[in-house]
Amino acid sequence: MKRLKRQVMLYLEVPFAQKELAKQQGARWDPLKKKWYLADPENHDLTLFAAWLPQTTSSLPLEQPGLLDAPLATKESLSLAELLQQVQVKLQAQFSQAIWVRAEIANLSERRGHLYLELSENNDQGQTLASCRAMIWASAAEKMMAQFEKATGSTLKEGQKVLVQVQVNFHEKFGFSLVVQDIDPSFTLGEIEANLIAMRQKLMKEGLYEANKQQMLAGDLFRIAVISPPQAAGLGDFRAEADKLQQLGLCEFVYLHSAFQGEQVLAEMQSAFMAFEAFQQKQPFDALVIIRGGGAKLDLNPLNHYELAKAIALMPIPVLTGIGHERDNTILDEVAHTRFDTPSKVIHGIWQRISQRAKTAIEHWRQIESGAVKRLQKSVSELNQLKQQLEHHQARSLQYWQHQLDPLFARIQARSQQQLGQGRVGLDYLIQQIYRQAYQPIATINLDLTAQHKQVRQLALKALSFYRQQSKQTLGYVLSSGPKTQLQRGFALAKTQDNQPILSVKQAAQLNQFKLEFKDGELSVRPIKPNNNTESV
C-alpha cells in the first residue's frame, strides 16, 4: 500500500472583520478550534498571511520551498499578484476597523440590488483631488437607504456631499474600493444649511438680499410671467384658477419652463430668465411667478444656487414664489418679493388682489357718479338762489327809488302851483328844470341798475358756464369708462339680436343666438347647451 502523507496545518490569528479576505487568500475554517488555518503551509506564499501568523511562525523564512534552486531573477522578484496580495494584507492590517469619510457622490448606479458609487473630493476651483469606487451591498442597501430617506426626505443622488462609514477593501484583480457600512444624513443636511447661510451672508453683503422686496407690486396685475417645471402638479393647481382669470380677460399669463431638480437646474433656469427678459422688453410684465409644488428637502437643494438668487434679487419687477410647502425653504424664497407656501396660494393671492382692485374701482365709479349728481344738483340750487336774490334786489331797489321820488314829485307840484301865477314865460323853463331834476337821478339809477343787471347776468352766465364745463368734464370722465372704453381694453359686450344687453348666463342660455361686440366689430354666436340640467354657455 501507498503510505499517506501527513497533512500539516498552520493556524492563523484572523480578526472577524478580515475573515472574507483570509478566505479569499486560501485559508480554511476549523469549526472545532474555531480558527482559520493553512493546509500544507509550505505550498502557500506566507507573505500573504504575515499579518495573521502566530508569533512563533512569523520568524520563519518567507521563501517557498524550492526557491533556492530557482534562477536569481526569480528569487529577487515578486509576481504582480503576489505584490498586490501583500498590499491587500497591509491595507487590511492598517485599516482593520471601519472609518468615517467625507466625500461627494460623483456617480451612482444600481445592479442586482447593489449600489455602486464613485466618491470624489474637489477643491474650490472644481478640480478633483481624489476619487475612488465604493459599494453598498444589497443586504444593507435597502435599510440604509430607507434610514437616509426618512431623515432627509430624499434618496442618495449625484452631487450630494455625504459622511459615510467605510471598510477599506483591496483586491488584486479589482483594485482599491470602499464598502459603505453606514451613512450620516445629518452631515448632508448640515452641508445644505451651511451653503444657505454662506449665500445669505454674501447676498446681504452685496445689498441684494432685500433688493426685490423693494420693488413696488402693481395695484393692477394685467400680465404675469410664470416659471415652473412643465409637468409639475403645482402648475396644474395654479392654472386651474389662472386660466379663469385669462378667459375673463382680467390677467394674461405667459408660461416658461425649467427643471427644478437635477444637474440641469442652473442652465435651464437661466435660460428661462433669458426668455423672460426677451418677453419683458417686448411687453412688460407686472410680476414674475416661480412655482414648483412640494418636494423632498434635498430635491429642492439644486435651487439653492447663488447665481439664481442674484438673478431674482435683480429682477426689475416683483417676484412671487410658491416653490415648496410651508416647511420647505430655498434661497429663492428668501430673496423674492413675496413667498407663498404653495402654487395654489400664489394664484389665490393674485385673485384676491385683482378682486380687491375691481371692488375698489366699482366703489370709485359709484363715488364719481354720486359726486357728479350732487355737484350738478348743487349748481342748480346755487343758480336758483342767485336768481331769487337778483329778483329780490331789483324789487327792493325799485321800491326804494319810488319812495324817494314820490315826496320830490309832490314838492315840485306844490311849488309849480304856487308859481303858476308868476307867468307863463318862466313856467316852461321851470317845468323843464323840474323835469330835468326829477328824471336825472332816475336815469342814473337806471344806468346803475342796467350795469348791475348786466354784471349779475355775466356772473350768473360765467358760473353757469363754469359748472356746466365741470359737469361735462365729470360726465366725460364717467363716460370714458363706459362700454366703448372697456371694449378697447379687451372686454366683449354680449347683446341680443335687437341690441339689448345680456346680463346673465341664464339669459344667454335661453337664446338660440346672440351677438358679441368687440372693439373692431360684432360676432354672432350660438350657446352650447349641455345634456344635463346645468345651465351653461
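What follows draws every value from the coordinates through simple rules; no lab data is involved. All of these numbers come straight from a predicted model, not from anything done at the bench. Cβ atoms come from the backbone with ideal geometry, glycine included; neighbour counts cover every protein chain shown.
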Exercise for the section: Pull out a ≥ b ≥ c, the square roots of the eigenvalues of the alpha-carbon gyration tensor of segment 369-480, then state rounded if a/c is under 1.5, prolate if not and a/b is larger than b/c, and oblate in the remaining case. Expected result: prolate
Exercise for the section: Return 216, 9, 144 ranked ascending by Cβ neighbour count within 10 Å, so the fewest neighbours appear first. Expected result: 216, 9, 144
Completion exercise
Computed from the beta carbon distance with a Förster radius of 30 Å, FRET efficiency for residue 267 and residue 118 to the nearest 0.05 stands at 0.85
Completion exercise
Rounded to the nearest 10, the angle in degrees between the Cα long axis of helix 233-247 and the longest principal axis of the Cα atoms of the chain comes to 20 degrees
Exercise for the section: Measure nothing but the geometry: give the 0 to 90° angle between the long axis through the Cα atoms of 424-480 and the longest principal axis through the Cα atoms of the chain, rounded to 10°. Expected result: 20 degrees
Fill in the blank from the handout: Net charge (Lys, Arg +1; Asp, Glu -1) of residues whose beta-carbon lies under 12 Å from that of residue 120, residue 120 excluded, is -1
Problem - Cα-projected label distance for residue 222 with residue 447, points at 7 Å along beta-carbon direction, nm - result: 6.4 nm
Practice task
State whether the chain is rounded, prolate or oblate according to the following rule on the C-alpha gyration tensor (a ≥ b ≥ c being the square roots of its eigenvalues): a/c under 1.5 gives rounded; otherwise a/b larger than b/c gives prolate, and the remaining case gives oblate.
Solution key: prolate
Problem - Gyration tensor verdict on segment 104-193 (Cα atoms; rounded if a/c is under 1.5, prolate if a/b is larger than b/c, oblate otherwise) - result: oblate
Exercise for the section: May I ask you to order 501-507, 311-317 by the average number of other C-beta atoms within 10 Å around their residues, highest value first? Expected result: 311-317, 501-507
Completion exercise
Taking the chain and counting helices only, DSSP H stretches of n ≥ 4 at -39,500 (n - 2.57) each over all residues, the nearest-500 ellipticity at 222 nm comes to -16000 deg cm²/dmol
Handout entry: Helix 343-418 axis, angle to the chain major axis (alpha carbon atoms, nearest 10°)
Key = 10 degrees
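List 260, 148, 187 from most exposed to least, where exposure is judged by having the fewest other Cβ atoms within 10 Å. Show your work: numbers first, answer last.
Details: 260 27, 148 21, 187 15.
Ascending number of Cβ neighbours within 10 Å: 187, 148, 260.
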Fill in the blank from the handout: When 330, 474 are ranked with the fewest other C-beta atoms within 10 Å first, the list becomes 474, 330
Fill in the blank from the handout: Expressed in nanometres to one decimal, the distance between label points 7 Å along Cα→Cβ at residue 94 and residue 23 is 2.6 nm
Exercise for the section: Work out how much length residue 375 to residue 128 would gain on full extension: take 0.36 nm times their residue separation and subtract the Cα-Cα distance, in nm to one decimal. Expected result: 80.9 nm
Practice task
Just report the Cα centroid separation between segment 7-30 and segment 90-107, whole Å.
Solution key: 23 Å
Practice task
Name all residues of segment 367-406 having a backbone nitrogen under 19 Å from the label point set 7 Å from the Cα of residue 457 along its Cα→Cβ direction, giving them as ranges.
Solution key: 383-398
